[in-house]
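Peer 1: The structure under discussion is supplied below as structure tokens; questions concerning it will follow.
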Amino acid sequence: MDVQLLQDSWWPMWRDAILGTIPLALISFALGLVLALGVALLRLSSRRLLSGIGRVYVSIIRGTPLLVQLFVIFYGLPTIGVTIDPWPSAVVAFSLNVGGYAAEVIRAAILSVPTGQWEAGYVVGMSHARTLRRIILPQAARVSVPPLSNTFISLVKDSSLASLILVTELFRKAQEIAASTTEFLLIYAEAAVIYWIICTVLSFGQDRIEKKLEQYV
């Protein structure tokens, strides 16, 4: 084992994880959640057209690989005159993907809130929108935290796909170092350890949040 190579490559990969992988995942997840909430509300709409739009979107996202979605945005759109730089392309692809999966999580969480909570809001004079915002969504948020946290952890790992469109992040740096040193097993194993550390920290944070929310259940 080349200990010196491990020492020399440790910080460069961590730097790109901190400056590339984590921000990419955070921004994509935040945008994806906003999109997911909108899609979830479409799915719950009593209007068949709106509900159908949400259903089709979820079906497309869940029925196609993330890698294909990424390639369609980065390599496909330029053929019709729409060119997006690598980093924004990754954000768009990951956000759309998160939106499709998280929408079903949020929809299920909203449906899990007892109908009596809606009635309570109406009794005190709240509108449908205000009842949703003030009563339903806060309760649904507690239910959705575990699956949404898992979605974020998965996104951190899936962000490695961005290396295929030349986005500078952890795995892209590992590829560059491995190519220049030919120590593929060593460098990729080191990258795997870094991903594992990041995901372990996130899992620990998830557990803390869940325990914090338990006091309100």
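Peer 1: Would you calculate a helix-derived [θ] at 222 nm for the chain, using -39,500 (n - 2.57) for each DSSP H run of n ≥ 4 and dividing by the full residue count, to the nearest 500?
Peer 2: Estimated from H runs of four or more residues: -25000 deg cm²/dmol.
Peer 1: A further question on this structure: Report D for the chain in µm² per second (integer): Stokes-Einstein, Kirkwood Rh on Cα pairs, 4 °C, 1.567 mPa s.
Peer 2: For these conditions, the coefficient is 67 µm²/s.
Peer 1: Helix hunt in the chain: which complete DSSP H runs extend at least 30 Å axially by C-alpha with mean Kyte-Doolittle at least -1.0?
Peer 2: In the chain, the long hydrophobic H runs are 22-44, 86-112, 184-214.
Peer 1: Here's something else I'd like to know. Give me the distance between the Cα centres of the range 94-139 and the range 1-37, rounded to whole Å.
Peer 2: Cα centres, the range 94-139 to the range 1-37: 32 Å.
Peer 1: Once the mean 1/r over all distinct Cα pairs of the range 1-121 is inverted, what Kirkwood radius in angstroms do you read off?
Peer 2: 16.8
Peer 1: Now for a different question. Sort LYS211, LYS173 so that the residue with the fewest other Cβ atoms within 10 Å of its own Cβ comes first and the one with the most comes last.
Peer 2: LYS211, LYS173
Peer 1: Show which lysines lie in cross-link reach of LYS173 when reach means a straight Cα distance below 25 angstrom and same-chain residues fewer than eight apart are skipped.
Peer 2: Straight-line reach from LYS173, under 25 Å: LYS157.
Taken together, the values in this text are just the output of simple stated rules run on the coordinates, not laboratory data. Nothing here was measured: the structure is a model prediction, and the numbers come from that model. Positions of Cβ are backbone-derived with ideal geometry, glycine not excepted, and every protein chain shown enters the neighbour counts.
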